[in-house]
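Quick notes on the structure that follows.
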Amino acid sequence: MNTEETDLLTGSLRSVFAGAGADVPRQLRELGWDDVAAADPAATTLLFTEKGRALSAAALLDDAVLPLLTAELPAGLLGGAGLVCYPYPGAGTRPSSTPLGTTGILLRRPAPGECLLIPVADAGGVSLAVAAAAEFTVTPLPSLNPEAGWYAVAGPTPAARYDGSAWEAAVAAAHRALAAEIIGIAERALGLAVEHTSTRRQFNAPIAAFQAVRHRLADAYVAIAAARALLAASFGDGSQSPAVAAIAAAAAKAKAGRAHQTVSASAVQVCGAMGATLEHPLHRYVNAGAVLDGLLGSSAELTVELGAMVRATVASGGEIPLLVEV
């Protein structure tokens, strides 16, 4: 995808996310998004970056994860629609559901008759279970970001389970999408900080002219640029092993989460008391990024998991990407 195509697609996506309460999935279908994503998987980065900038609550992550998880399931098992039950925060990338019970997060309220696809952590690794959402208790999930519209799910784990070997690839796809969304949130937060410091004046000059403020904004910009570069590299050339792809994707999400932390701290600092008020929109981006960072492993959790993944890959005789390649 060349620069001109990227700019055109970015403009189209911004129009999709512009309207409050817009039916994003429908508009993406009208845009022919499935064909765009099939032609260039990296286009997912554009989609989720713009989703982050717009703070859209559209549950698009399932669209990136479900095709990978359902590829090995019996045809028609989900009935053409379904929701993924993601691990509860604190579990990292390992499912929080076990054979003893299901707990997790849904990115939207299930529609009548809709099914849940539940990754289950068991003795053999990860398996998949499918059940009607009506069989579970589904309640709104309180969080720092009330705009997210997530739901907590709890109930018994179905006895029938299926092959979950695609979980690693699905998590890698989700990590890349979430990294892009967090980067989009961080970019907009930095933009708000730049706008504020360019208009707020002290000593007859914009505070953006002061060296201390410039240093904080520069640190934030560098953090975003580094996260964006690592995310782009995580797609590789398609020749990586699943283990290496998982490492690269997890590193990209961890880096995006840390970048958001850097941007949030710098933006709140340079915006002063105004940045800490509900009247200023900055808090929405600080909270939204923090909540997304916790989904499928926070930056702190993924850093620990990355060490274990690298160690396991080396122990099995596999190769890991060099830092310059990642």
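The values are calculated or read from the model by the stated rules, or taken from the named source; none is laboratory data. The model shown is predicted, which means the values in this text are computed figures rather than measured ones. We place every Cβ from the backbone using ideal geometry, glycine too, and count neighbours over all the protein chains shown. The accessibility values were calculated without ligands, DNA or RNA, using every heavy atom of the protein model including side chains. Shrake-Rupley method; radii C 1.70, N 1.55, O 1.52, S 1.80 Å.
Take the solvent-accessible surface of the protein heavy atoms, probe 1.4 Å, and return the percent of it on the chain that carbon and sulfur atoms account for.
Working: 8950 of 15410 Å².
The computed percentage sits at 58.
So how strong a dipole does the chain carry about its Cα centre when Lys and Arg Cβ are +1 and Asp and Glu Cβ are -1, to the nearest 20 debye? Write out the running numbers ahead of the final one.
Working: 21 positive and 29 negative charges, 226 e Å.
Computed about the Cα centre, the dipole is about 1080 debye.
Which one, G164, L78, P99, is farthest towards the positive end of the dipole of the chain when Lys and Arg carry +1 and Asp and Glu -1 on their Cβ?
Of the candidates, P99 comes out farthest on the positive side.
From the phi angles alone, apply the Karplus equation (6.51, -1.76, 1.60; θ = phi - 60°) to segment 56-65 and give each ³J(HN,Hα) in whole Hz, x where the residue is Gly or Pro.
These are the phi-based 3J(HN,Hα) values: 6, 9, 4, 7, 8, 5, 4, 5, 7, 9 Hz.
Relative to the longest principal Cα axis of the chain, at what angle does helix 211-234 sit, 0 to 90 degrees, rounded to 10?
30
Mind ranking S316, S241, S264 by accessible surface for me, highest first, 1.4 Å probe?
S316, S241, S264
Which chymotrypsin sites (Phe, Trp or Tyr not before Pro) in segment 163-220 pass both tests, a DSSP loop state and at most 12 other beta-carbon atoms within 10 Å?
Numbers: sites: W167, F203, F210; in loops: F203, F210.
Loop-located and lightly packed - F203.
Choose one answer from A189, A212, A173: the residue with the largest mean-square fluctuation in a GNM of the chain with alpha-carbon springs under 10 Å.
Largest GNM mean-square fluctuation: A212.
P(r) tail for segment 161-213, what percent of Cα pairs lie past 13 Å? Kindly include the intermediate steps, with their values, before the conclusion.
Working: 968 of 1378 pairs.
Summing the P(r) of segment 161-213 above 13 Å gives 70 percent of all pairs.
For every other residue with a beta carbon closer than 15 angstrom to the beta carbon of A259, add +1 if it is Lys or Arg and -1 if Asp or Glu, then tell me the sum. Intermediate values should be presented prior to the final figure.
Details: positive: R53, R176, R188, R216, R228, K253, K255, R258; negative: E181, E187, D219, D293.
That sum, taken over residues with Cβ under 15 Å, equals +4.
Which ³J(HN,Hα) values in Hz, rounded to whole numbers, follow from the phi angles of segment 32-39 under the Karplus curve 6.51 cos²θ - 1.76 cosθ + 1.60, where θ = phi - 60° and Gly and Pro get x?
Along segment 32-39, the couplings run x, 5, 4, 5, 5, 5, 5, 6 Hz.
Quick one: which residues, 5 or more positions from T103 or on another chain, have an amide H under 5 Å from its amide H? H modelled 1.01 Å from N in the peptide plane, none for Pro or chain starts.
Amide H to amide H, under 5 Å and 5 or more residues apart or across chains, T103 pairs with S97, T98.
Just by accessible area at a 1.4 angstrom probe, what is the order of H175, H196, H215 from largest to smallest?
Values: H175 5, H196 30, H215 105 Å².
Final ranking, largest accessible area leading: H215, H196, H175.
Rounded to the nearest 10 degrees, what's the angle between the helix 167-199 long axis and the longest principal axis of the chain, both from Cα atoms, 0 to 90?
Computed tilt is about 20 degrees.
Across the chain, where is the longest run that never hits GluC sites (Glu not before Pro) in a DSSP loop with at most 15 other C-beta atoms within 10 Å?
Values: sites that count: E72, E147, E279, E319, E325.
In the chain, the maximal stretch lacking such sites is 148-278.
Quick check: the angle from helix 3-18's long axis to the longest principal axis of the chain, C-alpha only, nearest 10 degrees?
On a 0 to 90 degree scale, this one is about 80.
How much accessible surface does T199 have with a 1.4 Å probe, in Å² rounded to 10?
Counting only protein heavy atoms, T199 exposes about 100 Å² to solvent.
Taking the Cα centre of the chain as the origin and placing charges on Cβ (Lys, Arg +1; Asp, Glu -1), which of M309, L231, A186 is farthest toward the positive end of the dipole?
Sorting the options by dipole projection puts first A186.
Expressed in nm to one decimal, what extension gain is obtained for the pair R214 and T98 from 0.36 nm per residue of sequence separation less their Cα-Cα distance? Before the final figure, lay out each step's value.
Details: separation 116, 0.36 × 116 = 41.76 nm, distance 4.92 nm.
Result: 36.8 nm gained on full extension.
What full-extension length gain, to one decimal in nm, is calculated for A312 and E279 as 0.36 nm per residue of separation minus the Cα-Cα distance? Provide the component values of the computation, followed by the final result.
Details: separation 33, 0.36 × 33 = 11.88 nm, distance 4.84 nm.
Stretched fully, the A312-E279 segment lengthens by 7.0 nm.
With all protein chains present, calculate the accessible area of L302 using a 1.4 Å probe and round the result to the nearest 10 Å².
About 0 Å², ignoring ligands and nucleic acids.
In a GNM of the chain with a 10 Å cut-off on Cα contacts, which of A159, A256, A276 has the highest mean-square fluctuation?
Answer for the Gaussian network model of the chain: A159.
Would you please give the FRET efficiency between A205 and L31, computed as 1/(1 + (r/R0)^6) with r the Cβ-Cβ distance and R0 = 51 Å, to the nearest 0.05?
Values: r = 45 Å, r/R0 = 0.87.
It comes out at approximately 0.70.
Placing unit charges on C-beta atoms (Lys and Arg positive, Asp and Glu negative, everything else neutral), compute the dipole magnitude of segment 2-122 about its Cα centre in debye, rounded to 20. Don't skip to the answer; put the middle values down first.
Details: 8 positive and 14 negative charges, 114 e Å.
Rounded to the nearest 20 debye, it is 540 debye.
Starting from the residue with the highest accessible area, list V194, V286 in decreasing order, probe 1.4 Å.
V194, V286
Please give the contour-minus-distance gain from A233 to A134: 0.36 nm per residue of separation, less the Cα-Cα distance, rounded to one decimal in nm.
Between A233 and A134, full extension yields 31.5 nm more.
Where in segment 117-205 are there trypsin sites (Lys or Arg not before Pro) that are in a DSSP coil and have at most 15 other Cβ atoms within 10 angstrom of their Cβ? Each step should come with its number before you reach the end.
Numbers: sites: R161, R176, R188, R200, R201; in loops: R161, R200.
Here the sparse-neighbourhood loop sites are R200.
Can you tell me the mean projection area, over all orientations, of the convex hull of segment 162-300's alpha carbons? Units nm², please.
On the way: hull surface 38.2 nm².
Mean orientational projected area (segment 162-300, Cα hull): 9.6 nm².
Roughly how many Å² is the accessible area per residue of segment 77-164, as a whole number, for a 1.4 Å probe? List each step's numbers first, then the result.
Details: 3860 Å² over 88 residues.
I get 44 Å² per residue for this part.
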